[in-house]
Structure formats: structure tokens, C-alpha cells
Amino acid sequence: MNIPVIMPPGVAFQNGHFTAENIINKTTHSGDLVGVFHDEAAWLALPANTPIYQVEMLQSAQGEGELFVGTTHLNPGRVGDEFYMTRGHFHQRREQGEVYIGLRGTGLLLLQDEQGKARLEQVSTGSVHIIPGATAHRLINTGSEVLSTLAVWPTIAGHDYAALAQGFALRVVLQDDKIQAKEVQNG
Ligand code: PAN
Ligand code: ZN
């Protein structure tokens, strides 16, 4: 019997780009990130069409038990003293977790629980990050090249951006030529 072998989609580990048909692509520009960076004047000075990060996703079946696979490419740069970062979110379905794997570049994964307690994990090539349920997550590029990560998460997870409208409890900035995490008052 001749059993056909399916060619699955691929991901290039060196840059996180997918090889597949019908990849979903979304770029987030500076102008989309209203209220995300603490230095409003520096944010306003940046052209609104400045690309900050790009997400590539494979097509997935939807529904309970199905998974999304995506890569995020976060550009290097700063708004004022604050490093470029993703918007960050809780999952709408709070109990749903996610896995991030570092592919290229260097940065930090900011994790925050529902009580507002934040922690940082170092992201680098091959780092594996298990994001538990009920944990908000944001990538921060503290390096000088693109930070790319691979992520897998349940399609039912959904994104809740509104819960963090006040912002995260930590900001990562360049001060005195050093990468520093600062605690934020009032979130
Ligand atoms: C990722 C993120 C991606 C972009 O795929 O959605 O890095 O970050 P924001 O969604 O916060 O803009 C993920 O965590 N999915 O659940
Ligand atoms: Zn997520």
C-alpha cells in the first residue's frame, strides 16, 4: 500500500519565518500602541507608521483542543529610554497557558499574575518559556537585532488587552547605559 506522506509547514529556526501557504501576517505600528510607552512626548515624536513588531501565524482549525502556532518579530529600538515591546495581554480564557521559545535576538519576557506581581525571564536563542494560566505576558527587545520567538497557544485562549490598560508593574529602560527594570507606581 502506498501511504502518502504529508509535507507539514516549516519554520526556519534562524529567523522564525514560516514556509507555508496562507500565512497570516499582522504588523503593529507605533501609532497602534497608544498609552503603552511611558514617555508620551517620545512616542508622539516617532512616526505613527513605524513598525514595532510583526506576527506570523499558521492557519489553524478553531475550537476546543486546537492550537495556534505563531512567531513574533520584535524590532530593536526604544521610545525615549524604554525598549520596544509588545502590547502584552492576559488570555481571555484566563486558565489557558502558552509556550514561547526564543529563536533569535535577546530580550525579556515580562510575566505578571492577576495580583499584579511581575517577573522577568531572559529570552535568547533556544530559551523555553512556559507561561502558566492567569499570567499576562509581554516581550521586550533589549538587544540590537530583531527578537524572534515561536509561540504555541490554544485557539480558544483569546486575548484580553483591556485588563492591562493600566500597564504592567515593571518597565524596562536604558538608564546610565544599563538595562534596568523599574517598578511602576499604580501599575
Ligand atoms: C503572541 C502575541 C504576540 C503579539 O502570539 O499575540 O507576541 O503580542 P500582543 O498580542 O500582546 O500584541 C501570544 O502571546 N499569543 O497568545
Ligand atoms: Zn498570549
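The values are calculated or read from the model by the stated rules, or taken from the named source; none is laboratory data. Not measured: the values here are computed from a predicted model. Using ideal geometry, Cβ is built from the backbone for each residue, glycine included, and neighbour counts are taken over all protein chains shown. Heavy atoms of the whole protein, side chains included, go into the accessibility calculation; ligands, DNA and RNA do not. Shrake-Rupley method; radii C 1.70, N 1.55, O 1.52, S 1.80 Å.
Looking across region 83-99, the residues that are crowded, with 22+ Cβ neighbours inside 10 Å and within 16 Å of ligand 2 (Cβ to nearest atom) come down to MET85, THR86, PHE90, HIS91.
State yes or no: is PRO76 in a loop (DSSP other than H, G, I, E, B) and within 16 Å of ligand 1 (Cβ to nearest atom)? Spelling it out, PRO76 is indeed in a loop (DSSP other than H, G, I, E, B) and within 16 Å of ligand 1 (Cβ to nearest atom).
Of the set (1) within 16 Å of ligand 1 (Cβ to nearest atom); (2) aliphatic (A, V, I, L, M); (3) open to solvent by 30 Å² or more (accessible area, probe 1.4 Å), all apply to LEU111 but (3). Check region 83-91 and report whether any residue there is in a helix (DSSP H, G or I), more than 22 Å from PRO154 (Cβ to Cβ) and among the aromatic types (Phe, Trp, Tyr). Checking region 83-91: not a single residue is in a helix (DSSP H, G or I), more than 22 Å from PRO154 (Cβ to Cβ) and among the aromatic types (Phe, Trp, Tyr). Within region 47-82, being open to solvent by 50 Å² or more (accessible area, probe 1.4 Å), under 14 Å from VAL152 (Cα atoms) and among the aliphatic types (A, V, I, L, M) holds for ALA61, LEU67. GLY77 meets the conditions (1) under 19 Å from the mean Cα position of the chain (by Cα); (2) at pLDDT below 95 in every case but one. The failed one is (2). Under the condition of being polar (S, T, N, Q) and either touching a Pro at 6+ places or on another chain (Cβ under 6 Å) or in a strand (DSSP E or B) (or both), the residues counted in region 94-141 number 5.
PHE37 passes every criterion in (1) outside any loop (DSSP other than H, G, I, E, B); (2) of a type outside the set (A, V, I, L, M); (3) touching a helix residue (DSSP H, G or I) at 6+ places or on another chain (Cβ under 6 Å) apart from (1). Of note, VAL172 does not satisfy the criterion of being surrounded by 14 or more Cβ atoms within 10 Å (Cβ to Cβ), more than 11 Å from ligand 1 (Cβ to nearest atom) and closer than 26 Å to PHE68 by Cα. Selection of region 120-152 for residues being open to solvent by 20 Å² or more (accessible area, probe 1.4 Å) and within 16 Å of ligand 2 (Cβ to nearest atom) yields GLU121, VAL128, ILE130, PRO132, GLY133, ALA134, LEU150, VAL152. Contact map, region 154-168: residues that are within 12 Å of GLY88 (Cβ to Cβ) and open to solvent by 40 Å² or more (accessible area, probe 1.4 Å) paired with residues that are within 14 Å of ligand 2 (Cβ to nearest atom) and of a type in the set (Phe, Trp, Tyr), Cβ distance under 6 Å, separation 6+ or inter-chain. Pairs shown: ALA163/PHE90.
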